[in-house]
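Here's the structure we're looking at; comments come further down.
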Amino acid sequence: MALWRKTADNKTARRAGIDGRAQIAIILNMNASEDTVLQVEDLRVCFRHGQNRTEVLRGLSYRLQKGKVLAVVGESGCGKTVHALSLLKLLPPGGKITGGRILYQGKDILSLSAEELRKLRGAGLSMIFQDPMTSLNPIRTIGKQITETIEAHTSYSNLRARAQAVRLLKKVGISNARKRLEEYPFQFSGGQRQRIMIAMALCLQPNVLIADEPTTALDVTIQAQILKLIRDLQRQSGMAAVFITHNLAIVADIADEVLVLYGGYCVEQATVHALFSKPLHPYTQGLLGSLVSLNKKVEHLPAIEGYPPAPGMPEKGCPFAPRCPYAGEKCHSCLPPLIEQEQHKVRCWLVEKNEKSR
Ligand SMILES: Nc1ncnc2c1ncn2[C@@H]1O[C@H](COP(=O)(O)OP(=O)(O)O)[C@@H](O)[C@H]1O
Ligand SMILES: [Mg+2]
């Protein structure tokens, strides 16, 4: 397939005056797009407060390949949840996508009809939220909630949907599943409720799972179990996932690629290996610095000093400049572009200037 493309592209490329290396890049790019399940292009989101508009996501772009996990990492308030809700067109009132595109299997989500969106949610893109209690209905049994979702999206009979619900609960580690289908959310522990949310998110075998801080509300041992469960299920089913967290420490085990958000901007994006072995942005270096200290169990963690930027600060200078130990005059006055070097992207004036600008 690629060879055929190469021959066909050769002629076009020669006509356009593109050399051999650029042709290979085009071919790789074409194959990459075949495997792309989700593509976010220059996504911008604003919130309206009376007459004022606050831009909270400022041009986010990435590609998610089949079967891969992208971790989106950043401190509280940097836009992680807003980004996740945008993917499903579920922004709260006042929130609006003001620019960019979100392509699911090549189709722009923002142009889908209400019915197409309903089909997409659950079967295409499915989401696990941070706090299961806000997503589970407290006055309906778990069994009803899972079977209703299955029945709404498939032609399964109630009997078949229930059998599927039992299988799913067993899969996520809820024992005595048939009996527990009759129980209400409050009858389960926090960890079990999160397992149920995972079962619900998986019940339509989505192509992309979006997990928004799925373990933050749980204690540390349960967090590790739930992370392992998500990772095992993701690998078994080959689905892609966007894994959102403020905790860089848990990313290494679960993700293939990491995107670091700061003040609504992508400040760095790379493979897990590249990001952990050679972080380029001072913010990522700061986040990783705290991790190293955690491993060494020192008493005082060198956290990054200062606070994240207030939402809607003017688009002037690097958003991290006020906290950056290396910031110079240009960093305070001019927003650095996202530059790319060997698939490692970074938004920082301090990085060598011989990379091509995006
Ligand atoms: N419903 C809302 N109304 C107004 N602003 C909001 C709303 N939800 C989020 N925001 C703003 O959007 C920014 C990003 O929020 P969020 O995506 O929830 O951050 P994160 O998930 O990274 O902690 C924040 O500055 C927050 O104040
Ligand atoms: Mg959040």
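Residues are listed down the side, and each one gets a yes or a no for (1) within 19 Å of the chain's Cα centre (by Cα); (2) open to solvent by less than 20 Å² (accessible area, probe 1.4 Å):
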residue: 89; (1), (2): yes, no
residue: 124; (1), (2): yes, yes
residue: 134; (1), (2): no, no
residue: 139; (1), (2): no, no
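Please verify whether residue 232 is surrounded by fewer than 21 Cβ atoms within 10 Å (Cβ to Cβ), touching a residue at least 24 places away in the same chain (Cβ under 8 Å), acidic (Asp, Glu) and part of a helix (DSSP H, G or I), treating the condition exactly as stated. It is false that residue 232 is surrounded by fewer than 21 Cβ atoms within 10 Å (Cβ to Cβ), touching a residue at least 24 places away in the same chain (Cβ under 8 Å), acidic (Asp, Glu) and part of a helix (DSSP H, G or I).
Residues that are over 12 Å from the mean Cα position of the chain (by Cα) and within 16 Å of ligand 2 (Cβ to nearest atom) within the stretch 61-82 comprise 75, 76, 77, 78, listed in sequence order.
When the stretch 179-219 is limited to residues that are within 22 Å of the chain's Cα centre (by Cα) and over 26 Å from residue 152 (Cβ atoms), the one that is surrounded by the most Cβ atoms within 10 Å (Cβ to Cβ) turns out to be 215.
For the stretch 92-102, the criterion of being assigned to a strand (DSSP E or B), out of contact with any helix residue (DSSP H, G or I) (no Cβ under 6 Å at 6 or more places or on another chain) and within 16 Å of ligand 2 (Cβ to nearest atom) is met by at least one residue. Would you confirm whether or not the stretch 133-141 contains a residue that is within 13 Å of ligand 1 (Cβ to nearest atom) and over 28 Å from residue 34 (Cβ atoms)? Scanning the stretch 133-141, I find no residue that is within 13 Å of ligand 1 (Cβ to nearest atom) and over 28 Å from residue 34 (Cβ atoms), so the answer is no. Among the candidates 108, 35, the residue that is open to solvent by 60 Å² or more (accessible area, probe 1.4 Å), of a type in the set (Asp, Glu) and away from ligand 2 (no atom under 16 Å from the Cβ) is uniquely 35.
Close Cβ contacts (under 9 Å, 6 or more residues apart or on different chains) running from residues in the stretch 98-117 that are closer than 18 Å to residue 34 by Cβ to residues that are among the hydroxyl-bearing types (Ser, Thr, Tyr) and assigned to a strand (DSSP E or B) comprise 103/36; 105/36; 106/36.
Considering only residues in the stretch 236-252 that are touching a residue at least 40 places away in the same chain (Cβ under 8 Å) and away from ligand 2 (no atom under 16 Å from the Cβ), the one that is surrounded by the fewest Cβ atoms within 10 Å (Cβ to Cβ) turns out to be 238. Kindly check whether there is at least one residue in the stretch 194-211 that is outside any helix (DSSP H, G or I), closer than 25 Å to residue 240 by Cβ, in contact (Cβ under 8 Å) with a residue 24 or more places away in the chain and within 16 Å of ligand 1 (Cβ to nearest atom). Yes; the residues of the stretch 194-211 include at least one that is outside any helix (DSSP H, G or I), closer than 25 Å to residue 240 by Cβ, in contact (Cβ under 8 Å) with a residue 24 or more places away in the chain and within 16 Å of ligand 1 (Cβ to nearest atom). Picking from residues in the stretch 51-71 that are closer than 21 Å to residue 309 by Cβ and open to solvent by less than 40 Å² (accessible area, probe 1.4 Å), the one that is nearest to ligand 1 (Cβ to nearest atom) is 56. Tallying residues that are more than 26 Å from residue 88 (Cβ to Cβ) and in a helix (DSSP H, G or I) within the stretch 177-193 yields 6. Beta carbons closer than 8 Å, at least 6 apart along the sequence or on distinct chains, pair a first residue in the stretch 133-148 that is charged (D, E, K, R) with a second that is surrounded by 15 or more Cβ atoms within 10 Å (Cβ to Cβ) and not in a helix (DSSP H, G or I) for 140/184.
Only a single criterion out of (1) modelled with pLDDT under 95; (2) in contact with a helix residue (DSSP H, G or I) (Cβ under 9 Å, 6 or more places away or on another chain); (3) open to solvent by 30 Å² or more (accessible area, probe 1.4 Å) is not satisfied by residue 74, namely (3). Applying the set (1) touching a residue at least 60 places away in the same chain (Cβ under 8 Å); (2) assigned to a strand (DSSP E or B); (3) open to solvent by 30 Å² or more (accessible area, probe 1.4 Å); (4) within 11 Å of ligand 1 (Cβ to nearest atom) to residue 130 leaves exactly one unmet item: (2).
Within the stretch 242-257, being more than 14 Å from residue 83 (Cβ to Cβ) and not in a loop (DSSP other than H, G, I, E, B) holds for 248, 249, 250, 251, 252, 253, 254, 257.
The values are calculated or read from the model by the stated rules, or taken from the named source; none is laboratory data. Given the structure is predicted, the values throughout are model-derived calculations rather than measurements. Please note: Cβ atoms are built from the backbone with ideal geometry, for glycine as well, and neighbour counts cover all protein chains shown. Only protein heavy atoms, including side chains, enter the accessible area calculation; ligands, DNA and RNA are left aside. Shrake-Rupley method; radii C 1.70, N 1.55, O 1.52, S 1.80 Å.
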